Structure formats: C-alpha cells, structure tokens
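**Student:** Take this structure first; my questions come after.
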Amino acid sequence: MRITDFDLYRDLLKERSGLVLGQDKSYLLDSRLSPIARKWGYPTLDAMTDALRGVPDKDLVNDIVEAMTTNETSFFRDNKPFEMFKDVVLKYMKEGRTTRKELRIWCAAASSGQEPYSIAMILKEAAAQFPGWRFTIKATDISDQILNQAREGVYSQFEVQRGLPIQFLMKYFTQDEEKWRISNDIKAMVNYGNFNLLNDMATLGRFDVIFCRNVLIYFDEKTKASILERMGKQLESDGILFLGGAETVLGITDAFKPFPGQRGLYAQPGSVHLAQGGARGAGNTQQALA
Ligand SMILES: C[S@@+](CC[C@H](N)C(=O)[O-])C[C@H]1O[C@@H](n2cnc3c(N)ncnc32)[C@H](O)[C@@H]1O
C-alpha cells in the first residue's frame, strides 16, 4: 500500500471512530479492506482508495470502519470482573439502594453480545435476591454488523466453549444444529443500539454500572481521557466503571479512581466507595451474593 494511502485510512479511522492505526498494523488494511473493495464493485483496493479521496459514500466509510474494528470477545471474558460484578457490585447496590430499586447497566463496546449476555445471566441468577428491582442493560457498539449478530444471539460451539459455564449453556441456550441459541428471556434483558464512543453520551441517559472493556486500548490518550470524562458524567455518583485488564485511568484522567482492593473497577473521586475504602462491597466478599 502506498504511504499516502495508509495516511488516508489512518486519518479516516481516527476521525470516525477514534481507532489508532499504527504503521505496524498497515498489513491489516490489505487483508480487511480488499473484501470491502470487492463488495463495492471496485476492481482493486487502490481504486477504492482513489474514490475515497473525493466525497466518500457514508455507507462505504462505515463498512471500512467496521472492517477495521477488532471484535474479539467471549462469555465471562477474564472471569474475575464478572465475579466482582456479582459479589461486590450487586452486593453494594443492594445495600446502598434502599429506595430506588433499579440498576441501569451500560455495556459500551458490546461486540457480538457475549459480554452483555454474561451480565444478563448473572442478573437472572441473582433475581430472587432482588425482589421488586428493575434491571436494564443497554449494549452499544459502533458496528451494526456485530450488533446484528449480538441481537440474533446465536453462537458456535467454539464460542460457547470459551468461558461459558456448562450449567449456563444447558440452562440458557438451545442447540440449533451446529449452533447454540440464547434463550429469549436472556435476550429480552438486553437492549442493543449503535453508539460511537466519540459522540455525545448525554443522549443515553444515566447508569449505575458501565462496562467499557477492551476498547480504550485502541485509542490515543486524548481520546481515552475524553471518553472517560464523558462517561463520568453519565454515571451515578455511586456508580462503578469496569475497564479491561490492560486498561487504566491512571495517568489519563482524574475523572475516576481505582476502586480500593478491586482491580479493574473504578469509581468517581467523590464517591462513597472511595470514602469508605471500598468497605461496603469489597471488604465483605465472603458474604457475597450466592
Ligand atoms: C475487542 S471488542 C471488546 C468487546 C467486549 N467489551 C469485551 O471486552 O470482550 C471492542 C469493540 O469495540 C467496538 N468499538 C471500536 N471503536 C468504537 C467506538 N468508537 N465506539 C463504540 N464502539 C467501538 C468494536 O466494534 C468492538 O466490537
């Protein structure tokens, strides 16, 4: 690929999605964009690149951005965050919320749905301990294509073997030839929508818990800070943010601080969690929800 072409795609991706394309990833352009060029009827990738220099078709640009996103995910990915959600966050919310019996969760880079459905299964299992509570899960992603897969809720044998406990597979999925289909009641707990993390988050409303895992790693520091700061405004004052294992707020923004004793969890600086040293939820994991 010509250097000027690389620059064009790097700038387009950065502007439309925040994704940073390093020179070391230039090989991805050929492999991921050649199928897009074919789909759009261009004889070569160079021909598509030349067309992009004019007034680019919005749908073509979306296809390019989608093709360059990494959608890697799995059920209960890394396991520990989901244990903390069940044992620390739910416990805290149950104790801390005596009047507003509601939990609004935002899964901000939902990919093909394994993360929001993992959360939904945990909530379903815990429901008996939350009489009268309302749980909502908003799951968003920049890619319509991946959101359609998520909405469908159909997974391969390989996908359900990665992290999903066998008892959950038996309880919440039905086999459909080679595939596994998630049950309608779990599906109904998740509300999907397209949302670009660069956009105004106020339109989404406020949340008690935000999962923003394994997406900030693709952005530069300024974009990370902007996303985290805007997320802070959408989180209730006692809300909790989950980041991926390779992600942190440290050195990026003061909008969040690490949740005491719980790796990967963050709370806002004035939050009750930090004032109590995380004591209410984190200190009592032995008495965690079953
Ligand atoms: C690696 S996946 C992470 C999925 C899941 N959170 C997990 O940890 O398993 C990253 C997801 O972020 C999405 N993404 C990338 N840039 C985005 C943006 N600007 N706004 C919203 N989603 C974005 C991608 O489409 C992809 O599905």
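The values are calculated or read from the model by the stated rules, or taken from the named source; none is laboratory data. Fair warning: this is a prediction, and the values are worked out from it, not measured in the lab. Backbone-built Cβ (ideal geometry, glycine too); neighbour counts: all protein chains shown. Ligands, DNA and RNA are stripped out before the accessible areas are found, and what is left, the full protein with its side chains, is counted by its heavy atoms. Shrake-Rupley method; radii C 1.70, N 1.55, O 1.52, S 1.80 Å.
**Student:** Could you tell me whether any residue of the range 85-95 is outside the structural domain of LEU19 (by TED's automatic domain parsing), part of a helix (DSSP H, G or I), open to solvent by less than 20 Å² (accessible area, probe 1.4 Å) and within 16 Å of the ligand (Cβ to nearest atom)?
**Tutor:** Within the range 85-95, one or more residues are outside the structural domain of LEU19 (by TED's automatic domain parsing), part of a helix (DSSP H, G or I), open to solvent by less than 20 Å² (accessible area, probe 1.4 Å) and within 16 Å of the ligand (Cβ to nearest atom).
**Student:** Is at least one residue of the range 196-205 β-branched (Val, Ile, Thr) and in contact with a helix residue (DSSP H, G or I) (Cβ under 9 Å, 6 or more places away or on another chain)? Explain how you work it out, then say what you get.
**Tutor:** The first filter runs over the range 196-205 and keeps only residues β-branched (Val, Ile, Thr), leaving 203.
Now narrow it down to the ones that are in contact with a helix residue (DSSP H, G or I) (Cβ under 9 Å, 6 or more places away or on another chain): none.
No; the residues of the range 196-205 include none that is β-branched (Val, Ile, Thr) and in contact with a helix residue (DSSP H, G or I) (Cβ under 9 Å, 6 or more places away or on another chain).
**Student:** Looking at GLY22 and the list (1) over 19 Å from GLN145 (Cα atoms); (2) open to solvent by 80 Å² or more (accessible area, probe 1.4 Å), which single condition is not satisfied?
**Tutor:** Every condition holds for GLY22 apart from (2).
**Student:** Look through the range 96-117, keep the residues that are under 12 Å from the mean Cα position of the chain (by Cα) and in a helix (DSSP H, G or I), and return whichever of them is surrounded by the fewest Cβ atoms within 10 Å (Cβ to Cβ).
**Tutor:** GLN114
**Student:** I've got another one for you. Quick one: count up the residues across the range 59-84 that are within 16 Å of the ligand (Cβ to nearest atom) and free of Cβ contacts under 8 Å to residues at least 40 places away in the same chain.
**Tutor:** Number satisfying all stated conditions: 3.
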